[in-house]
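The values are calculated or read from the model by the stated rules, or taken from the named source; none is laboratory data. What you are looking at is a predicted structure, and each value in this text was computed from that prediction instead of being measured. Neighbour counts are summed over all protein chains in view; Cβ atoms, including those assigned to glycine, are modelled from backbone coordinates with ideal geometry. Please note that ligands, DNA and RNA were not included when accessible areas were found on the heavy atoms of the full protein model with its side chains. Shrake-Rupley method; radii C 1.70, N 1.55, O 1.52, S 1.80 Å.
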Amino acid sequence: MRLVLRYARPTKSGTWNYRRRLPKDVSETLGQGEFKRRLGDSKQEALRNFPKIDAEFERLVANTRARKATPTTPLEVHHAAQRLAQELAQGVVHVGGQEISGSAPDAADILRDSYLAQFQTDPDTGEPMGVPDVEARAYAILTNGDRIERPAATVADAKRLYIQERVNGEPNEVAKLSRVNRVISHLEAAGIEQTRPLTELTREDARNVRDYMLRDLQMNPATVRRYLNDIRAIINIGVVEFGLRNTVINPFLNLSFPRGVQIGRQTDRNARHPIPDDILLQIRERMSSHAASDLWQIWRIVENTGCRLGEITGLLVSDVHLGTEIPYLDLVFHPHRRLKNTGSIRRVPLIGEALKAVKEAVEAAGESPYLFPRYGRVRGADTASASLMKHLRNVTDDRKLTVHSLRHRMEDRLTLARVEEYDRNLVLGHSKGAMSERYGGPDARLEVAARALKAALKD
């Protein structure tokens, strides 16, 4: 199959460039109409570099739009005004044939009066009307210096900083932003408005949010715990970055649940069941005859490696190593697909059906850098999951059987094969610090993982 990358272009000299028009709003801000980067000296090099450059384009667009956003909180207005005041102070004012620095008191008054002269004045107060908040505060800072008090940091400030530092530019940015907005809406519903200063948050506020989600929304305690973790992280970044650590203790820290509320790993573990043998046979028959070839390949790889679905759909062709003594997949971080944690970085041995499926996928990928071109993108795993689940539901209505059940099945097979926990973790990518102490190099870990997989897949 021949696949042409949409934004990759060869030059007359034989090199390759990435060229893509910028959205109009971004173009106006940056003063350029096109994003252009060198991909490499050959087509193969261009294919390898394409995902990284494509992700750089998306980050540029997202970050430019974030910078262009109008300040909405008093603290943001103050920060924008400070920057404008610094720019004004670096200029000069000509008075009586002399140049006066913009930071001088006389120059500051002249700059302020000159700017405000363009606005109509209120007939009752004599003050100019309609002055933008940032400009009004900037000239006040310029003329009054340190006597202008900085507004208090609020929940809204913490939220926007969290989005800027932890959400923007992430592969799953849209989903993360939606989650942030969701947890903030729970805060507001529980009586904590976004205008609340961080210094005024109390332990009672934290308990009210917890109880609102448990009692009024009747959420599963495990879900409440995850949302409270999100809220704690949002508040914490505000406390740290706005210099409040000496005056504020994050009230969501170490927040326990009322006695009688059961919460823990067992709740999540029971949410999925391993797929039984009889159901698995029916699914294989269904997938092999009705599913698209790439979906059938993905299913076989996940089933026979125990990998997470997103780990497989986000693979690059360059992650596949078939010419080694033990063929394997090299799972590493990519701009379009992150891994769950550092423990997920690993080499996954390819055995039996998984090896056959990967070989088919490499051949089908053609000139694409992605092993699965339809799904090698942000949220591609979600699309693949939805398609796979349609085939799965055609066979069974059991809601505890999902694509992720294949991973539970592999874990059970490894356990029944008497594979030790350390070795199971090498296969499944669970985060365990002791693994690096038990096995030194990647080749040794790959060999151990291959033995473990062979034992689990042995009929």
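Summary table
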| read-out | value |
| --- | --- |
| Rounded accessible area of Val358 (nearest 10 Å², 1.4 Å probe) | 0 |
| Shape of the stretch 136-217, Cα gyration tensor, a/c cut at 1.5 | oblate |
| Within the chain, helix-based [θ] at 222 nm, where runs of 4 or more DSSP H residues each add -39,500 (n - 2.57), nearest 500 | -16000 deg cm²/dmol |
| Under the span-like rule (Cα at least 15 Å along the axis, Kyte-Doolittle mean at least -0.5), DSSP H helices of the chain | 74-89, 105-116, 133-144, 173-189, 221-241, 293-305, 353-365, 380-395, 442-457 |
| Residue-count net charge about Arg112 - beta-carbon cut-off 13 Å; Lys, Arg +1, Asp, Glu -1 | -4 |
| Charge sum, other residues only, whose C-beta stays under 10 Å from Ala140's C-beta, Lys/Arg counted +1 and Asp/Glu -1 | +2 |
| The stretch 77-234: relative contact order in percent, alpha carbon pairs under 8 Å with at least 6 residues between | 18 |
| Under 10 Å, Cβ to Cβ, from Glu34 - net charge with Lys/Arg +1 and Asp/Glu -1 | +4 |
| Read-out percent of Cα pairs over 33 Å apart, derived from the coordinates shown; its label in (i) 52; (ii) 41; (iii) 55 | (iii) |
| Farthest positive-ward along the stretch 317-403 dipole, Cα basis, beta-carbon charges - from Gly352, Asn394, Pro373 | Asn394 |
| Carbon and sulfur %, accessible surface of the chain computed with the full protein complex present, 1.4 Å | 46 |
| Given 11 as the ceiling on other Cβ atoms within 10 Å, longest exposed-site-free region of the chain for trypsin sites (Lys or Arg not before Pro) in DSSP loops | 13-258 |
| Ratio Rg/Rh, restricted to the stretch 306-459 and using Cα atoms, in which Rh is the Kirkwood radius | 0.95 |
| Filter on Lys12/Lys52; Lys52/Lys359; Lys43/Lys356; Lys24/Lys390 - keep pairs with C-alpha separation over 29 Å | Lys24/Lys390 |
| Positive dipole terminus of the chain, leading residue within Ala107, Pro10, Pro197 (C-beta point charges) | Pro10 |
| Most positive-pole-ward Cα, Ile184, Asn63, His273, against dipole of the chain from beta carbon charges | His273 |
| The stretch 324-459 - percent relative contact order, Cα under 8 Å, separation 6 or more | 30 |
| Percentage relative contact order, the chain, counting C-alpha pairs under 8 Å, at least six apart | 13 |
| Accessible area in square angstrom per residue, the chain, 1.4 angstrom probe | 55 |
